[in-house]
Amino acid sequence: LPISKTELEERIIYAMKLNEQGEYQWAEEKKIVLEQTPFVRLREVTKLDNNNYALHFVHRDLKNSPLEDIYEIMDESGNILWNQPFNLRNYNSGLISYFQVNDLASGVNLLCHNEDNDQTKILHLALDGNVTETDVSNYSYANNQSYKFITYNNNYYILYQDNSGLIFSKLNSIFEPINTFIVPFNHSGSYINLYPYNNEFYFVDSDHKVICKISDSGSLLWSINLNTDYNHLNSGITPNGDLFVLGKDNNSVDYF
């Protein structure tokens, strides 16, 4: 679902759906009109299980003003479902959103930390626009730096750092940890790619060029230190579960 050109002080954004061949799937571009001016930027598009899309926009009035996180839901035909976008700062000015993840049933979840009272909450934005809160402050992942938060096989998974090292935790539908283990490589950078496939998980440390594959129970299946020729490591996963890596300054693609 590419989002294309903007106009009118960058508050009107156009969307168009393409197929794998790059062919237009809608008769015309869909217009998304936002109230904030100037300069609204699309940060993320998340495809939900029911073929709707969660659109995450960010906005800042002035250079040093607070950043606004704005959310909207679009269906597969390009229709906007909410009459008004959800503005996180208007909802609660103390909340900062760290991750957006597909809900197990419908809608979208936001993992948020409250700067005013040091609480961590997960906000559920339902397709009908209702918002519910779950306090997760007592769980270890709430109080440490997180890298990834995903849904897979009717569970949530979160990857975070604590004093023990890099932690991967499986959560149930109400975000309680039900299986937690230490990922067996050191990490001190800022970014890790995580890819689930067939009840196993690839971890790609882009800074230190390490790949490992781990089972759902936490067993290490294999680990590889990549060639130092890689630069600005990029990675992805094919439909049949092969991991591929490439670098911006490297013409080759390696599969695992």
Run a plain Debye calculation on the range 131-221 (Cα atoms as equal point scatterers, no solvent) and give log10 I(q)/I(0) at q = 0.16 Å⁻¹, rounded to two decimals, same order as the q list. -0.62
Which residue, Ile96, Ile12, Ile158, tops the fluctuation ranking in a GNM of the chain built on C-alpha contacts under 10 Å? Ile12
Between Val131 and Ile224, what length in nm is gained on full extension when 0.36 nm per residue of separation is reduced by their alpha carbon distance? 29.2 nm
Most mobile of Glu35, Glu72, Glu176 per a Gaussian network model of the chain (Cα springs, under 10 Å)? Glu35
Looking only at trypsin sites (Lys or Arg not before Pro) in DSSP loops with at most 11 other Cβ atoms within 10 Å, what is the longest site-free stretch of the chain? 64-247
Helix-only CD estimate at 222 nm, as mean residue ellipticity for the chain, using -39500 (n - 2.57) per DSSP H run (n ≥ 4): 0 deg cm²/dmol
Computed for the chain: size of charge dipole around the Cα centre, +1 on C-beta of each Lys and Arg, -1 on C-beta of each Asp and Glu, debye to nearest 20, value 280
Please report the carbon-and-sulfur percent of the accessible area for the chain; probe 1.4 Å, protein heavy atoms only, DNA, RNA and ligands left out. 42
Let me understand the range 94-142 better: what is its radius of gyration from the alpha carbons, and its Dmax, in angstrom? 10.8, 31
For the chain: Kirkwood Rh in Å [reciprocal of mean 1/r, alpha carbons]: 20.1
Compute the FRET efficiency between Ile178 and Arg41 as 1/(1 + (r/R0)^6), taking r as their Cβ-Cβ distance and R0 = 30 Å, and round to the nearest 0.05. 0.25
Can you tell me which of Leu221, Leu88, Leu123 moves the most in a GNM of the chain? Springs connect C-alpha atoms under 10 Å apart. Leu221
Relative contact order, percent, the range 151-217 [alpha-carbon distance under 8 Å, six or more residues apart]: 20
By how many nm would the segment from Asn199 to Ser65 grow when fully extended, if each residue of separation counts as 0.36 nm and the alpha-carbon distance is taken off? 43.9 nm
With every protein chain left in place, what is the accessible area per residue of the chain in square angstrom, probe 1.4 Å? 52
Potential lengthening between Gln21 and Asn234 on full extension [0.36 nm per residue; Cα-Cα distance subtracted]: 74.4 nm
Cross-link reach from Lys170 to lysines, straight Cα distance under 22 Å and at least 8 residues apart if same chain, gives Lys47, Lys121, Lys148, Lys213
Cα-based equivalent ellipsoid of the range 114-165: semi-axis lengths in Å, sorted from largest, via gyration tensor: 22, 17, 8
Can you list the chymotrypsin sites (Phe, Trp or Tyr not before Pro) in the range 18-75 that are in a DSSP coil and have 15 or fewer other beta carbons within 10 angstrom? Trp26, Phe39
When the gyration tensor of the range 1-130 is built from Cα positions, what are the square roots of 5 times its three eigenvalues, in whole Å, from largest to smallest? 26, 19, 11
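The values are calculated or read from the model by the stated rules, or taken from the named source; none is laboratory data. No experiment lies behind these values; they were computed from the predicted model shown. Reconstructed Cβ throughout: ideal geometry from the backbone, glycine too, with neighbour counts over all protein chains shown. Just the protein is used for accessible areas: all its heavy atoms, side chains included, with ligands, DNA and RNA removed. Shrake-Rupley method; radii C 1.70, N 1.55, O 1.52, S 1.80 Å.
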